[in-house]
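S.K.: Pasting a structure below so you can have a look.
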Amino acid sequence: MTGMSGAQDPGDERLGRVFLGRVIEPGDEAGGRWVRELGVGEVVRRLRCGGDPLPGVSAGRWAGLAARARRAEPERDLAVARAAGARFVCPGDGEWPRQLDDLEDARPLGLWVRGRPNLRMWALRSVAVVGARACTGYGTHTAATLASGLAERGWVVVSGGAYGIDGAAHRGALAARGATVAVLACGVDQPYPRGHAALLTRIAEQGLVVGELPPGDHPTPSRFILRNRVIAALTRGTVVVEAARRSGSLATARAAQRLGRFTMGVPGPVTSVLSAGVHELLRGEAALVTDAAEVVELVGDMGDLAPARRGPVLPRDLLEPATRDVLAALPGDRAAPAEEIALCARTTRDEAIARLYELRALGYVERHGDGWKLTRQAMISVRGGRRPC
């Protein structure tokens, strides 16, 4: 086995953390507490010596950790990572995203990173877009459009590299020539899922591929769930696009809520099982969003407001309020005298006649003897806004 003399030195923080990454599972709060209270060097020494168990661990589990420690080769892991174009980033480095410290004892020991950009800088302006693997065409389109819009606005799109919504989000950002980060539940040198090998390679070339697990490690169900806490902590907010009630993407949303990050959901059809989990989020503290502008309004700087939403402007919308009231007061099936129109419009007869002549000049009404009637062209416009007398 490769020597570990560097990790025995408490000052060699990096090599020690690489070593611990082989021994302690991601998100292990007991391991994080050992590192915080005793320091990396002492935890490494105790594990390698295999003496008395560290606090809060059973004898059986301690034996398992010691067995892992005997097989750990941190120098080899660093060499394999370098060959794959990856680097190890840990707390204290200039590239370390400090918002991960919000995870406290569940904070990653370090992150393996493939790609040229600076992880800390990218994470400062990032949004997670996550959701169901078995998604619908609606979900795929929505995720891709949302991610593309975020990328065009200069935001980094973070997701988990999985099939379904994750893949659609990454592709949407890439299609906009934007920035995207895939956070994996395995070694960053492992293309998982296999069907996304080309996508992950493209992400590494144009963005970043990130993971806690050392090179060569494969995912497990628990590692997927634990990976989600990193996605939530790394970003300013999490958007869920399609998720059933038991979807793993809801774990990301719950982690974001615990960390005080923005949690958002894109609604779907009320009949869709794949949107039931999102709707449950929206009934709680999550915010409803439908496009990138609404996401940025929440997670962005003050003044990044989404445009006001309104229906199409109709010709009658351009009329003065008093004129609109008189127009709405005309019956649709007959001519009416000015007195009746004035009564319905809550104005005087003289004021009503003045407005009626204005409306006639604009083509809305026509004179019929002593009465006034809507023109054929005005009927549809008025019916949409009629108010009762």
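S.K.: Run the numbers on the chain and let me know its relative contact order in percent, using alpha-carbon pairs under 8 Å that are six or more apart.
M.R.: So the answer I get is 11 percent.
S.K.: If you don't mind, there's one more thing I want to ask. Rank-order 233-243, 359-369, 271-281, 69-79 by packing density, defined as the average count of other C-beta atoms within 10 Å over each peptide's residues, highest first.
M.R.: Top of the packing list down: 233-243, 271-281, 69-79, 359-369.
S.K.: State the antiparallel share, in %, of DSSP beta bridges confined to the chain, rounding to the nearest 5.
M.R.: Roughly 40 percent of the DSSP beta bridges within the chain come out antiparallel.
S.K.: Per DSSP H run of n ≥ 4, the term is -39500 (n - 2.57); total these for the chain, divide by its residue number, and report the mean residue ellipticity at 222 nm rounded to 500 deg cm²/dmol.
M.R.: -13500 deg cm²/dmol
S.K.: If eta is 0.692 mPa s and T is 37 °C, what Stokes-Einstein diffusion coefficient results for segment 158-260, Kirkwood Rh from Cα pairs, in µm²/s?
M.R.: Roughly 240 µm²/s, to the nearest whole number.
S.K.: With an 8 Å cut-off on Cα pairs and a minimum separation of 6 or more residues, tell me the relative contact order of segment 237-307 in percent.
M.R.: Once normalised by length, the contact order is 31 percent.
S.K.: Please state the shape class of segment 72-133: rounded when a/c is under 1.5, otherwise prolate if a/b exceeds b/c and oblate if not, all from the C-alpha gyration tensor.
M.R.: The shape class here is prolate.
S.K.: Leaving ligands, DNA and RNA out of it, report the carbon-plus-sulfur percent of the accessible area of the chain at a 1.4 Å probe.
M.R.: Roughly 52 percent, rounded to a whole number.
S.K.: Right, here's the next one. Hey, what's segment 140-241 come to in accessible area per residue, 1.4 Å probe, Å²?
M.R.: 31
S.K.: Further question: Helix 197-206 sits at what angle to the longest principal axis of the chain, using alpha carbons and giving 0 to 90 degrees rounded to 10?
M.R.: 80
S.K.: Still on this model: If I fit a long axis through the Cα atoms of helix 221-234 and take the longest principal axis of the Cα atoms of the chain, what angle between them do I get, 0 to 90°, rounded to 10?
M.R.: 60
S.K.: Quick one: compute the contact order of segment 69-115, relative version, from alpha carbon pairs under 8 angstrom and 6+ residues apart, as a percent.
M.R.: Answer for segment 69-115 is 41 percent.
S.K.: Okay, moving on. Let me check the size of segment 71-222 from its C-alpha atoms; what are the radius of gyration and Dmax in Å?
M.R.: Final numbers for Rg and Dmax: 15.0, 47 Å.
S.K.: Classify segment 34-118 from the C-alpha gyration tensor, please: rounded if a/c falls under 1.5, else prolate or oblate depending on whether a/b exceeds b/c.
M.R.: Taking the square roots of the gyration eigenvalues as a ≥ b ≥ c, segment 34-118 is oblate.
S.K.: Compute the acute angle (0 to 90°) between the alpha-carbon long axis of helix 249-258 and the principal axis of greatest extent of the alpha-carbon atoms of the chain; round to the nearest 10°.
M.R.: Computed tilt is about 90 degrees.
S.K.: Just VAL23, VAL157, VAL127 to compare: in a GNM of the chain, with alpha carbon springs under 10 Å, which one fluctuates most?
M.R.: VAL23
S.K.: Determine the order of ARG349, ARG125 by accessible area, beginning with the largest, at a probe radius of 1.4 Å.
M.R.: ARG349, ARG125
S.K.: What is the pair-distance distribution P(r) of the chain, computed from all Cα-Cα distances in 20 Å bins starting at 0, with each bin given as a whole percent?
M.R.: Final binned percentages: 25, 37, 20, 12, 6, 0.
The values are calculated or read from the model by the stated rules, or taken from the named source; none is laboratory data. What you see is a predicted model; the values in this text were computed from it and never measured. Neighbour counts run over all protein chains shown; Cβ positions are idealised from the backbone, glycine included. Accessible surface is based on the protein model in full, side chains and every heavy atom, while ligands, DNA and RNA are left aside. Shrake-Rupley method; radii C 1.70, N 1.55, O 1.52, S 1.80 Å.
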